[in-house]
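Participant: A single structure is presented below for examination.
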């Protein structure tokens, strides 16, 4: 079932709560520029296995409210805390993909892993998506600046270009169009604000503070968030394991959904 949760004055987030009677809870944090619907193929399978699957639409995306501000990782992590508090969740598994992974990392640090028993980082954009003077492993800053410019001048073109890099394996044109429509559903200003957050935010200290058992999954051929970042996360998070997906890109949770779902279920029950 779906409902709205208030996270601050005039801002309500949409939450999809499938199988609310399930005892094993997975809270999904979607990547930019989609919504909880990106995890359709996880909800389909995992809920039928008895898991309670909760997906929120981040502010500005999906069915949630679209404020002009609030797209830094602190506020986005605080939104997650509001969801956990309102639903009275505890001993959950927090799963974040891409920017959702970045938000999960900040949540674990800022809120001291409150309510979280297991963490799953999927192609997480951490500790920094962009290359910096002391960090040569991300993507060039200019790539993100160009994306921001195109977001403000031709957002459909930017989304099509991004979609072309999302998958490594061939997927149907229909699925590509579905992915494109999810991106179009977001607010333009939210889309650009999160892109700018990639430039402004770093998560080095946040990663070092995580002690919760963590599963890191990442596609070897990821052209959005380089695989090297997963290896760095694995080194920085003391209690972590890394599972590479050898023939996949950024969308590996769709490209190899059966393996992805099995690994998520196994880790949740371990």
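Participant: In square nanometres, what is the average projected area of the Cα convex hull of region 146-270?
Facilitator: On the way: hull surface 34.6 nm².
So the Cα hull casts an average projection of 8.7 nm².
Participant: Given R₀ = 22 Å, what would the calculated FRET efficiency be for residue 199 paired with residue 68, taking r from the Cβ atoms and rounding to 0.05?
Facilitator: On the way: r = 18 Å, r/R0 = 0.84.
Computed FRET efficiency for residue 199 and residue 68 comes out at 0.75.
Participant: What residues of region 196-210 lie in the reach of a label at residue 112, counting those whose backbone N is under 16 Å from a point 7 Å from the Cα along Cα→Cβ?
Facilitator: 209-210
Participant: Using Cα-only point scatterers and the Debye equation, what is log10 of I(q)/I(0) for the chain at each q in 0.09, 0.13 Å⁻¹, rounded to two decimals?
Facilitator: Ignoring solvent entirely, the Cα scatterers give -0.35, -0.78.
Participant: Just want to confirm a number: the relative contact order over the chain, from Cα pairs under 8 angstrom separated by 6+ residues, in percent.
Facilitator: Numbers: 554 pairs, mean separation 53.4, N = 270.
Relative contact order here is 20 percent.
Participant: Over what distance in Å are the Cα centres of region 10-28 and region 230-262 separated?
Facilitator: Spelled out, the Cα-based centre of one part sits 23 Å from the other.
Participant: Using the count of nearby Cβ atoms within 10 Å as a rough guide to exposure, how do 37, 246 rank from fewest to most? Intermediate values should be presented prior to the final figure.
Facilitator: Values: 37 18, 246 9.
Ranking 37, 246 by Cβ neighbours within 10 Å, fewest first, gives 246, 37.
Participant: Within region 82-121, find all residues whose amide N lies under 14 Å from a label point positioned 7 Å from the Cα of residue 134 along Cα-to-beta-carbon.
Facilitator: none
Participant: So how far apart, in nm, are the two label points at residue 258 and residue 246 if each is 7 Å from Cα heading toward Cβ?
Facilitator: 1.7
Participant: Next question. Applying 1/(1 + (r/R0)^6) with R0 = 25 Å to the Cβ-Cβ distance of residue 152 and residue 6, what FRET efficiency is obtained, to the nearest 0.05?
Facilitator: Values: r = 30 Å, r/R0 = 1.19.
It comes out at approximately 0.25.
Participant: Ranked highest first by average number of other Cβ atoms within 10 Å, how do 195-205, 92-102, 211-221 line up? Numbers along the way, then the final one.
Facilitator: Details: 195-205: 17.4, 92-102: 27.7, 211-221: 20.7.
In descending order of packing, they fall as 92-102, 211-221, 195-205.
Read the figures in this text as sums done on the coordinates, not as results from a lab. Remember, predicted model here, so these are calculated numbers, not experimental data. Cβ coordinates were reconstructed from backbone atoms using ideal geometry, including for glycine residues, and neighbour counts include every protein chain displayed.
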